[in-house]
Amino acid sequence: MRKPASMWSLETLGRVRLSKHFFMRDFLYSEIGNFYGMPNIPDDPDLEIYNGRQLCAQLLDPMQDTFGRIAIRSGYRSPTLNRFGNENRLNCAKNEANNGHHIWDGPEKGVNGAGVTVVIPWFADQYDAGRNWRDLAWWIHDHLPYSHLWFFPKLAAFNISWRADPLRTISSYIAPKGKLLAVGATPEIGLAQRRKMYRDFPPFRAIKTP
């Protein structure tokens, strides 16, 4: 697929179905793009679609099947839009750091991946009542083939990414801040103890849709 050159071709891209629950259009919204009048259009739609399908099928669909609807807080960013966000201090990391995360079709072709920032409303309600963010972090670690997890204080939102070569690392801005799991490290607590932390979670992939 060529880079969209008209509203109609962008509409066609938005209709591309990435997985059971998600379409490309779900990930194209951008506050930066809206406020500053910048289009959020991929440079390489085919690579974007491929990586997006892996992200959705392997990570987002299982979470939505288990917990109900998940909310996309920040999805795809074009290299141009992300660079603008970084240079203007709009909470965007440098393009080099976001390739394979918010940038699904970046110039570094060796980084094959995609990521988003999401909120799980089911868990956010419990987090607001005092639940520990690590309960969800360990559930994801034990059930899904993620590459990076990074948790934030508001609503227990978190970055989650898929990569062809997953790094399996967990970090947080919520106390205890810092690295919960480094690349190649073994969790500090065993599987049995982790399971106790999320024993009241819904059964994995519990929700069935028609």
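The values are calculated or read from the model by the stated rules, or taken from the named source; none is laboratory data. Quick caveat: nothing in here was measured; it's all calculated off a predicted structure. All Cβ positions, glycine included, derive from the backbone under ideal geometry; neighbour counts span all protein chains shown.
Out of (1) surrounded by fewer than 18 Cβ atoms within 10 Å (Cβ to Cβ); (2) at pLDDT below 95; (3) more than 18 Å from the chain's Cα centre (by Cα); (4) not aliphatic (A, V, I, L, M), the odd one out for Tyr50 is which?
Answer for Tyr50: the failing condition is (3).
Among the residues of region 1-18, which ones are surrounded by fewer than 18 Cβ atoms within 10 Å (Cβ to Cβ) and either modelled with pLDDT of 95 or more or touching a helix residue (DSSP H, G or I) at 6+ places or on another chain (Cβ under 6 Å) (or both)?
Matches in region 1-18: Met1, Pro4, Gly14, Val16, Arg17.
Regarding Leu149, is this residue closer than 17 Å to Val118 by Cβ and either of a type in the set (Ser, Thr, Tyr) or part of a strand (DSSP E or B) (or both)?
Considered against the rule, which asks whether it is closer than 17 Å to Val118 by Cβ and either of a type in the set (Ser, Thr, Tyr) or part of a strand (DSSP E or B) (or both), Leu149 comes out as yes.
Can you tell me which residues in region 148-183 are among the hydroxyl-bearing types (Ser, Thr, Tyr) and touching a residue at least 40 places away in the same chain (Cβ under 8 Å)?
Ser161
Looking only at region 16-40, count every residue that is touching a residue at least 24 places away in the same chain (Cβ under 8 Å) and acidic (Asp, Glu) and tell me the total.
Total meeting the criteria: 1.
Return yes or no: is Ala137 among the hydrophobic types (A, V, I, L, M, F, W, C) and either surrounded by fewer than 18 Cβ atoms within 10 Å (Cβ to Cβ) or closer than 30 Å to Thr80 by Cα (or both)?
In short, no.
Filter region 94-127 for residues that are farther than 28 Å from Thr80 by Cβ and touching a residue at least 12 places away in the same chain (Cβ under 8 Å); which is surrounded by the fewest Cβ atoms within 10 Å (Cβ to Cβ)?
Filtering first and then ranking leaves Pro121.
Report yes if some residue within region 116-132 is touching a helix residue (DSSP H, G or I) at 6+ places or on another chain (Cβ under 7 Å) and of a type in the set (S, T, N, Q); otherwise report no.
no
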